[in-house]
Amino acid sequence: MTAPKTPGWLDWYANPSKPSFALPPGTVDAHCHVFGPQAEFPFAPERKYTPCDASKDQLFALRDHLGISRTVIVQATCHGADNSAMLDAVRAAGNRARGIATVRPDVSEAELRRLDAAGVRGVRFNFVKRLVEASPKEDLTTIAAKVAPLGWHIVLYFEAADLPELEGFFSSLPTPLVIDHMGRPDVTKPVGGPEFSGFLRFVGSNDVWVKVSCPERLTVTGPAALDGQRHAYTDVVPFARRVVAEFGDRVLWGTDWPHPNLKNHMPDDGLLVDYVPTIATTAEERHKLLVGNPMRLYWPGETA
Ligand SMILES: O=C(O)/C=C(\C=C(/O)C(=O)O)C(=O)O
């Protein structure tokens, strides 16, 4: 018995176009997910949404269609702390994938070593209230202490308005930090205003990497057309551009396929690739964003 999809939830884009922008060889999709298939990998009972299936084979088909070389598969909240779907995909990709897991504070060292051997390189702490119930900080501190010896990092997903109360805790964590989707800035506010300036200050004063992903999630004006068919997201560009310009050695890009929880607009993943040159405007910026930085973080010592 498969659970019905959350009403109003858009499926991922079935026939993505070929990007106009040719991704450089060795490009890494540093943020994507797999969902089920739920007949094989049931969704977690505690989930706050039920997605459609989005299998590893469909993810790999998109990877190859877009010209991506490697993927970092991030555990989605709809699977809770059951990492089996993500692990199955990482293992199936061979050395072309890494994983980010969700674990509970009682996770054993043996389990962490099993995850590491399978290709997991970090855990995710999610603070987005519509996705998860808040975890006690002491539980997260326990997890951080357990994963630090493995050389893992902690992926953080939070809303911009919550950063002021969270940044002290974030700074106390004993690992590098990777922030999803630029910390979800409110793009109706000025890029030079106190909220995003505070974010940039936090990034600049900590060992923090930033994913400049998910313009489709952050935009208020929508996928404004630019040069015909492109998804421009012109209200998001100044924020992403600022991060790339200031932290070019610590930025990452991802498709966020299969784009959970989008209800008004589902991006064509090919057109999302064409968004990249609008935020990384030189070949050097693009190579760091797409190849050099993610290889250094997830495949250290290996060549793209
Ligand atoms: O896919 C994303 O990164 C964003 C979302 C969902 C998740 O990350 C998740 O369920 O794990 C969201 O904003 O709904």
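The values are calculated or read from the model by the stated rules, or taken from the named source; none is laboratory data. Since we're looking at a predicted model, the values are computed, not measured. Cβ coordinates were reconstructed from backbone atoms using ideal geometry, including for glycine residues, and neighbour counts include every protein chain displayed. Keep in mind that these areas ignore ligands, DNA and RNA; they rest on the heavy atoms of the full protein, side chains included. Shrake-Rupley method; radii C 1.70, N 1.55, O 1.52, S 1.80 Å.
On inspection, G292 does not qualify as in a helix (DSSP H, G or I), more than 27 Å from P7 (Cβ to Cβ) and touching a Lys or Arg at 6+ places or on another chain (Cβ under 6 Å). Counting only residues that are of a type in the set (K, R) and within 16 Å of the ligand (Cβ to nearest atom), segment 16-35 holds 0 of them. Selection within segment 64-76: residues that are open to solvent by 20 Å² or more (accessible area, probe 1.4 Å) and within 18 Å of the chain's Cα centre (by Cα). The member of this set that is farthest from the ligand (Cβ to nearest atom) is S69.
Any residue that is among the polar types (S, T, N, Q) and within 30 Å of G301 (Cβ to Cβ) - is there at least one of those in segment 37-58? No, there is no match, as no residue in segment 37-58 is among the polar types (S, T, N, Q) and within 30 Å of G301 (Cβ to Cβ). Does at least one position in segment 36-45 carry a residue that is within 16 Å of the ligand (Cβ to nearest atom), open to solvent by less than 10 Å² (accessible area, probe 1.4 Å) and on the phi > 0 side of the Ramachandran plot? Within segment 36-45, one or more residues are within 16 Å of the ligand (Cβ to nearest atom), open to solvent by less than 10 Å² (accessible area, probe 1.4 Å) and on the phi > 0 side of the Ramachandran plot. In the set D274, D235, only one residue is away from the ligand (no atom under 16 Å from the Cβ), assigned to a helix (DSSP H, G or I), acidic (D, E) and at pLDDT below 95; that residue is D274. When segment 188-222 is limited to residues that are outside any helix (DSSP H, G or I), open to solvent by 10 Å² or more (accessible area, probe 1.4 Å) and in contact with a Lys or Arg (Cβ under 9 Å, 6 or more places away or on another chain), the one that is nearest to the ligand (Cβ to nearest atom) turns out to be W209.
Go through the residues of segment 103-116 one by one and say whether even a single one is open to solvent by 10 Å² or more (accessible area, probe 1.4 Å) and within 13 Å of the ligand (Cβ to nearest atom). Among the residues of segment 103-116, not one is open to solvent by 10 Å² or more (accessible area, probe 1.4 Å) and within 13 Å of the ligand (Cβ to nearest atom), which makes the answer no.
Restricting attention to segment 258-269, which residues are modelled with pLDDT of 95 or more and away from the ligand (no atom under 13 Å from the Cβ)? The one that is modelled with pLDDT of 95 or more and away from the ligand (no atom under 13 Å from the Cβ): D269. Tally up the residues in segment 164-177 that are within 12 Å of F202 (Cα to Cα) and under 18 Å from the mean Cα position of the chain (by Cα), please. Residues in segment 164-177 being within 12 Å of F202 (Cα to Cα) and under 18 Å from the mean Cα position of the chain (by Cα): 2 in total. Residues in segment 46-63 that are surrounded by 15 or more Cβ atoms within 10 Å (Cβ to Cβ) and either at positive phi or more than 12 Å from the ligand (Cβ to nearest atom) (or both): 9 in all. If you filter segment 276-303 down to residues that are in contact with a Leu (Cβ under 9 Å, 6 or more places away or on another chain) and open to solvent by 10 Å² or more (accessible area, probe 1.4 Å), you find that the one that is nearest to Y233 (Cα to Cα) is T278. Just to be sure before I move on: is A144 more than 14 Å from the ligand (Cβ to nearest atom), within 21 Å of V212 (Cα to Cα) and of a type in the set (A, V, I, L, M, F, W, C) in the structure I sent? Spelling it out, it is not the case that A144 is more than 14 Å from the ligand (Cβ to nearest atom), within 21 Å of V212 (Cα to Cα) and of a type in the set (A, V, I, L, M, F, W, C).
Among the criteria (1) within 15 Å of the ligand (Cβ to nearest atom); (2) open to solvent by 40 Å² or more (accessible area, probe 1.4 Å); (3) in a loop (DSSP other than H, G, I, E, B), the one P174 does not fulfil is (1). Could you check how many residues of segment 36-71 are assigned to a loop (DSSP other than H, G, I, E, B) and either touching a Phe, Trp or Tyr at 6+ places or on another chain (Cβ under 9 Å) or under 27 Å from P294 (Cα atoms) (or both)? Residues in segment 36-71 being assigned to a loop (DSSP other than H, G, I, E, B) and either touching a Phe, Trp or Tyr at 6+ places or on another chain (Cβ under 9 Å) or under 27 Å from P294 (Cα atoms) (or both): 12 in total.
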